[in-house]
Structure formats: structure tokens, C-alpha cells
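Each value in this text was obtained by applying a stated rule to the coordinates, not by laboratory testing. Since the model is a prediction, treat every value here as computed from it, not as a measurement. Every residue, glycine as well, gets a Cβ built from its backbone with ideal geometry; the counts of neighbours run over all protein chains shown.
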Amino acid sequence: MRIRYSTEQDGRSVKKAMVYTKDEHGITFSAVDPKAVYIVEHLQANGYETYIVGGAVRDLILGKTPKDFDIVSSASPSRIKKLFHQARIIGQRFRLVHVRFGSQVFEVSTFRSLKDGLTSNTFGTIEEDVLRRDFTVNALFYDPLKQLVVDYVGGIPDIRKKQIRPIIPLATIFRDDPVRMIRAIKYAAATGFTLPLLLKWQIKRQAPLLAGISPSRLTEELFKIIHSPSAVGIIEKLLKFGVYEFLQPNASQLMKERPDFRIRYMESLARISYEGFKGAPGEVLAVLIQDYLEGLTQWDSELPDLYKNTFVAARRFVLPINPPRAELEQALRRIFKAHGITIKKPRVSEWGRRSFPGTSNKEDSPLRPGELLPKRSRQHTRKSEGAVEQMTQDIPPGSAM
């Protein structure tokens, strides 16, 4: 094991980080994505300190195959963009670079400073950047060329102890970003690591802070969880800590009231994880909402009203997440098809400008089975062409989810 030192202003050498060799950290180099290695190599060759960072390093040490490889560098976003042909800068406040290889995207960020606090976007050094990260197990820097892991915060000892320990003080870690509560629980469930008692207490106490998080961020976090092999375990823990109700309040309430719904909901999540669900996001949404709609929908209602009312019910059920409208429509077509009803995919030119009933904010309250959809005619309308064309005139294009 090596030690990394830095020189203070008074000339003293101060121990800053532990550096672990390949025999000590145990990462198998062949498990590292060659494209990630290329990005690191290219940036280093141009004089920039660069590492693979975060969850990928944690997973590699644990012998798992990372889903994503994030990279951090001393290079600025504009410089990174110039060095890679298929690259674009994203974000307004926190500017990052997405480097693309075909359909695969690698996120490359620049070291951030502590100059203006933990939420600033000022570029800085690796010593500052590490202190802005959430938990020690996600704050390890891996150089795949030298095959060294640089550890400023005791992340490797915490991995060996199987514990999730915060870097940022407990008084501020969740106030700065409440989404860290979701991530702490997710990491613990996915790795089997423990959460310290004070961290658990703080999550339960500050869970209501998640009510102020934007729907887009909650949507992103939920879909990451759903696509995780540990989805069921993660959501069970989120429910235990009172956090899932801020991601899916309607599903959480139903699971409290109806054990049979909870069983079906968890079985559906397990199926997503088991089957891998690499298809369109609408397929995942279909699995999430189908158990709810089964207890709500009168499948022998007339088709236009049936589709419109079911769309409203599904939209309200998944709040506050806001998947794109096209994905929710895809989910509904999949569910309808399972009941022998083919829904024509509307063309953009067929969309009208009027909203359909039930989309006002005052009506976006939790639903109960049987509350929204009245039983209509027993004779199903099978004139799909005419019925659905009429139906889609009431559905505005690009309406917000």
C-alpha cells in the first residue's frame, strides 16, 4: 500500500490518501469497459489527471459488473468535448460531458471545488471533489492504466466492513440533496451493506424533504431502481424507511391497505428484474400499473371512454413521476392487448388540441379501485379505426405527464 501526500502552504507534507495496488484492491482489469479505459487514456495522454470514479469502482472491487462507468478529470468540459468526436456538453448549472460510442454513453465530469460550498459548480482539485461526494464507498478513484485505486475517505475499509458511511456531515447531507436518502437505501439493499444507526435515524426524520424534489429527478431515480437486479429489496427498504411514499404515494398507500396488492406489486417488480426488461420503457410502466388497473377498469366499456379514462387513471397512479406521454401510451396499448383489444397508435396529425376529462390538478388525488371508471355498455366497441380516431382527437400532442 502506498500513501499520497500533498504539501501545505507552510511546506509541511500531509498524508492525503491511501493508494491501493491491483493485488490489494482486487479489481479484475478485464471487467473494465475498454471504452472507459480509452477515455481515461486519451485524457491522461493530453495531460489531464483522470480516473474512473464512483459506483463502478465499488462494484469492480466487489467483483460485480458495473452498469455504467463514470469518469472524472481535471479537464474542463469544453476541453473534453474537443478531445472526443462524439461528445456533447449537457446541463446548465452542473456542466458535464457525454461521450458517445454508438448507443453507449459515458459521463465525464470535471473535478469540483468547495470554494462556494457543496453545491457550487466551480472547478477544483481531486482533494476538493472527493469531499463533495455522498458516501465513502462511492468516492474511490481508479486509474485503469496504472491499475491503482486512490482512496481519500476510507472507502476500501468501509467496503471490507460492509457499511455505508457518509462523507458529508449528517447535519447537511440530506438538506443539500434529499435524493441522497434514496441512494443510501439503494446502495445498502444492492450490496447487503449496513447503514449506521444515526444515518438511519436521519433518513426517517428527513424523508419529507423529498416532497420538494422535481418529478424529473424522482422519475430518474425510480427507473434506476426498477431496472436494478435488487429492485424488490430496494423498494422493500424504501417502504420500511417511509421513503417510497414520496416516489409512488398511490402504490405505497395501496400496499398498506391491501396485502394482496403488495404481493402482486412485488411479484411484478421481481419479474422486471428477472427478465432484464431491456425493451422500451413503456413495457416497464405496463408492469408497474397493470395490477392497479386490473382492479379498476371495466374492460367491456366502450372503447373511446375506456381508453381515455384508463389513461387518466394510470397517469394519476404514477404521480409524481412524469414518464413521457408516449411511454405511458405504449404501456396502455400493451395492457389493452393482453385483454384482446388492439389500440391503434395515433398519428401526430390526428391529435386535437383539447384535453380529455379528469386531468385538472384538483382531480390528481389518489384513486381507489372502482372509483374512476363507471361500468358502461356490455357490448364492446370493436370498431377500432373509427373509435380510436375519434378518441385521439381529444388527446393533445405533447401534453405533460
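A few notes on this one:
- Rounded to the nearest Hz, the phi-derived 3J(HN,Hα) couplings of region 80-91 under the Karplus curve 6.51 cos²θ - 1.76 cosθ + 1.60 (θ = phi - 60°) are 4, 4, 5, 7, 10, 5, 9, 9, 8, 7, 10, x, where x marks glycine and proline.
- Tensor-based shape of region 16-168 (alpha-carbon gyration tensor, a/c under 1.5 rounded, otherwise prolate or oblate): oblate
- Extension gain for Asp23 to Leu197 (0.36 nm times residue separation, less C-alpha to C-alpha distance): 59.3 nm.
- If R0 equals 51 Å, the separation of the Cβ atoms of Glu107 and Trp299 corresponds to a calculated FRET efficiency of about 0.70.
- Cβ-Cβ distance of Thr65 and Phe223, R₀ of 25 Å, FRET efficiency by 1/(1 + (r/R0)^6): the value works out to about 0.80.
- Interchain or long-range residues, amide H under 5 Å from Phe123's placed H: Ser113
- Distance between the modelled labels on Arg4 and Arg88, one decimal in nanometres: 3.3 nm (7 Å Cα→Cβ projection).
- Placing pseudo-labels 7 Å out from each Cα toward the beta carbon at Ser214 and Ala171 gives an inter-label distance of 3.0 nm.
- Difference of contour (0.36 nm per residue) and Cα-Cα distance, Met266 to Leu114: 50.6 nm
- Taking a ≥ b ≥ c as the square roots of the Cα gyration tensor eigenvalues, region 132-243 comes out prolate, since a/c reaches at least 1.5 and a/b is larger than b/c.
- Put simply, the amide H of Gly54, placed in the peptide plane, has neighbours under 5 Å in Leu140, leaving out anything fewer than 5 places away on its chain.
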